[in-house]
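Everything on this sheet refers to the single structure shown next.
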Amino acid sequence: GVSKIDYHPERCIGCGACARACEHGATRVLSLNQDTGKIVKDPCCCVGCGECVKACPAGAWTRNPKQFYTVILGGRTGRQTPRTGKMFLNWATEDVIAGVLGNWQKFSAWVMDYKPEYLHGGHLIDRAGYKKFKEIILEGVELNPECLVAEDIFWHETEYRSNFNVKPLSAHHTA
């Protein structure tokens, strides 16, 4: 779960404590506008950590009581094919998460052609491709207005399959 952080500029005293806290311990999305004395937030990368809420002496930042979630997918551990998951949804509500989970069985059955075989979710997404995954998994799901969905997800070769193309230099090879 993540929290949406609300800014109340009428409470802001322009001290910059929140921007310093964000710069030091979070995502560096806050800055103090020298002309207005108010905080400017770059909405791209806020993770809802609440460092600004803790740092602000005037209560200009508050946690929105609505609970949101971030969904990371496609990550996997293991020796053969480990990779880091990528963000699929951000600022999704519980209803959206329930809808996505409700569609997982339909997606899995479609990928497996309704055969009773187990594959890790990341492998299922690889087989279907992200665009098809997104189409099936979001079918009938009503996204909340704040929800962001990854347009596409790409795994770099080094994330996709660990060291499968890295071979030791042969004894006959000289550099």
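The values are calculated or read from the model by the stated rules, or taken from the named source; none is laboratory data. Quick caveat: nothing in here was measured; it's all calculated off a predicted structure. Every residue, glycine as well, gets a Cβ built from its backbone with ideal geometry; the counts of neighbours run over all protein chains shown. Only protein heavy atoms, including side chains, enter the accessible area calculation; ligands, DNA and RNA are left aside. Shrake-Rupley method; radii C 1.70, N 1.55, O 1.52, S 1.80 Å.
Data table
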item: Whole-Hz couplings from phi, Karplus 6.51/-1.76/1.60, listed for the stretch 43-48; x for Gly and Pro; result: x, 4, 10, 5, 9, x
item: Sulfur and carbon atoms: percent of accessible area, the chain [1.4 Å]; result: 53
item: Percent of C-alpha pairs per 5 Å bin, the chain, short to long; result: 1, 7, 13, 14, 13, 12, 10, 9, 8, 6, 4, 2, 1, 0, 0
item: Whole-number percent relative contact order across the stretch 1-56, with pairs defined as alpha carbons under 8 Å at least 6 apart; result: 42
item: Relative contact order for the chain, counting Cα pairs under 8 Å that sit 6 or more residues apart, in percent; result: 21
item: Proximal lysines relative to LYS4, as straight alpha-carbon distance under 18 Å, when same-chain residues fewer than 8 apart are discounted; result: LYS41, LYS54, LYS66
item: Rounded to the nearest 20 debye, dipole of the chain from Cβ charges on Lys, Arg, Asp, Glu; result: 520
item: Peptides ranked, highest mean first, by Cβ atoms within 10 Å: ranges 48-56, 147-155; result: 48-56, 147-155
item: Value at 222 nm in deg cm²/dmol, rounded to 500, when DSSP H runs of n ≥ 4 in the chain each add -39,500 (n - 2.57); result: -8500 deg cm²/dmol
item: Per residue value of the accessible surface for the chain (all protein chains in place, 1.4 Å probe), Å²; result: 64
item: Listed peptides 15-22, 114-121, 132-139, 63-70 by packing density, highest first (mean Cβ within 10 Å); result: 15-22, 132-139, 63-70, 114-121
